[in-house]
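The values are calculated or read from the model by the stated rules, or taken from the named source; none is laboratory data. Small disclaimer: the values here were computed from a predicted structure and weren't measured. Positions of Cβ are backbone-derived with ideal geometry, glycine not excepted, and every protein chain shown enters the neighbour counts. For accessibility, only protein heavy atoms count, side chains too; no ligands or nucleic acids. Shrake-Rupley method; radii C 1.70, N 1.55, O 1.52, S 1.80 Å.
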Amino acid sequence: MKKNLTLRYALHQLAYWAAAAGIMSFATAYLLCKGFAPSKVGTLMATGTILSCITQPILASAADKAKKPMLTKLLALLTIISTGCFALLLTGLLPNSLFPLLYLIGVWTFDAMMPLLNSVSVYYNRSGYRINYGVGRAVGAMAYGIAALAIGYIMEALGADWMIKTVLVLLPFMLILVIGYPKPGTEQAGEERENAPEEQQNPCSVPVFFSRYRWYCASLIGVLFLAMFHSMTENYLISIMGRLGGDSSHVGVALAIATVSEAIVLFFFSRIRSRIRDTWLLKISGFCFLVKAVLFIVAPSINFIYAAQLLQMTTYSFLSPVQVYYASAKVTQADMVKGQAFIAASYTLGCACGNFAGGQLIELGGVSMMLWAGLIMAAIGTAAFLFTVERKDKWMLEAEGERI
């Protein structure tokens, strides 16, 4: 009987996303309180995102090529570095010139953990253990919403430094969870590689990855553009609400609706996935993002936006978990971590581009221009999924030929 690691993994997701609520969502508020100009804050966060996108495939390549499992060791190392950086921010002994650098490194290393955390579920499921990724991710989603609400009140009541103090409770907890993962035997984990053709047994370099998995990489365009739309409309939801006479309280309600809708679906995602193929879930997600883009444009009232937020059940709630399974199916076991890293990096880069584009579009032509641009982003992402996710790369065709 397989040992069930779902509880440990769910706690890991809880700690990670609760910490993300502080580190990422309240970064602007924290750094502004520390006296940094908005332009510098934006540059710092964008730089952290770009560095993370570059680092994720490199770390994944190292994990794939390692003779011994490195996933948990890399996660532990990144957790220690991130913890150290944020702890130093509280000492009060640093010159102002080092303050943004340490926050940048903390954000960078924290963000780089995401594909590795996703890969943990794939790795242990293939190694004779059981992890229900949907349940873990649902716990993470709820933790993010609750933590964001709590940290907002804590910072208002006790000061900006309490965001860092809260994060410094969660990061050591993550480290304890990482260290506690079991060390699986190599027999079952290596069986899949040994039975595969020689080319599939060996992990490829990052440049070769793009030629070996052409259709998979092409499908990442869909992830990129849908992430742009999702991030842009979520981060500038206050502007969308303001267009209809709403304020920050309406934004809070809209985000709460989305969070609850997302968590419900994620809890039952394993059952949904048992009935609908991963590729169809991606197509449905893209189509519903497109519908949401149209609804945002034609919305006559705030209540209409609330109703549109219910589409979180089939947009982000499908896209977020299914990309983990989709990546593990579209690349070989030897390149599993790189596959997770590239899809995570595509989403992260899309979020960064969406954040940047949203501000520029609003300044250029107002909220209306941003929403029409969002419709184009959603259309490109949906089209990319429709034309690529069912296509099979050469290694998959060869594997199917051998099974026949």
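Remark: the chain carries 44 Å² of accessible area per residue (probe radius 1.4 Å; ligands, DNA and RNA excluded).
With contributions of -39500 (n - 2.57) from each DSSP H run of at least four residues, the per-residue ellipticity at 222 nm computed over the chain stands at -27000 deg cm²/dmol.
Of the residues Trp17, Trp108, ranked by 1.4 Å probe accessible area with the largest first, the sequence reads Trp108, Trp17. The packing ranking, built from the mean of other Cβ atoms within 10 Å per residue, places the peptides 288-300, 125-137 in the order 125-137, 288-300, highest first. Using the Cβ-Cβ distance between Leu32 and Ile58 with R0 = 30 Å, the FRET efficiency computed as 1/(1 + (r/R0)^6) comes to roughly 0.40. Between His250, His230, His12, the residue with the greatest mean-square fluctuation in the GNM of the chain (Cα pairs under 10 Å linked by springs) is His250. Using bins of 10 Å that start at zero, the share of Cα-Cα pairs per bin across segment 207-315 amounts to 13, 39, 30, 14, 4, 0, in whole %. Ligands, DNA and RNA left out, the 1.4 Å accessible surface of segment 344-387 is 77% carbon and sulfur atoms. Geometric descriptor of segment 56-156, per residue, is 123 Å³ (volume of the convex hull of the Cα atoms).
In terms of packing, defined here as the mean over residues of other Cβ atoms within 10 angstrom, the peptides 358-368, 71-81 line up highest first as 71-81, 358-368.
Both radii come from the Cα set of segment 246-293: Rg as radius of gyration, Rh as Kirkwood radius; their ratio Rg/Rh reads 1.10. The candidates Glu398, Glu156, arranged from most to least accessible area with a 1.4 Å probe in the full protein assembly, appear as Glu156, Glu398. Listed peptides 332-339, 318-325, 29-36 appear in the order 332-339, 318-325, 29-36 once ranked by packing, highest mean of other Cβ atoms within 10 Å at the front.
Given the options Leu89, Leu104, Leu375, state which has the largest fluctuation in a GNM of the chain using a 10 Å cut-off (strictly under) for Cα springs. Of the options given, Leu89 has the highest mean-square fluctuation.
Taking the protein heavy atoms of segment 284-325 in the context of the full set of protein chains, the accessible area attributed to carbon and sulfur is 79 percent at 1.4 Å.
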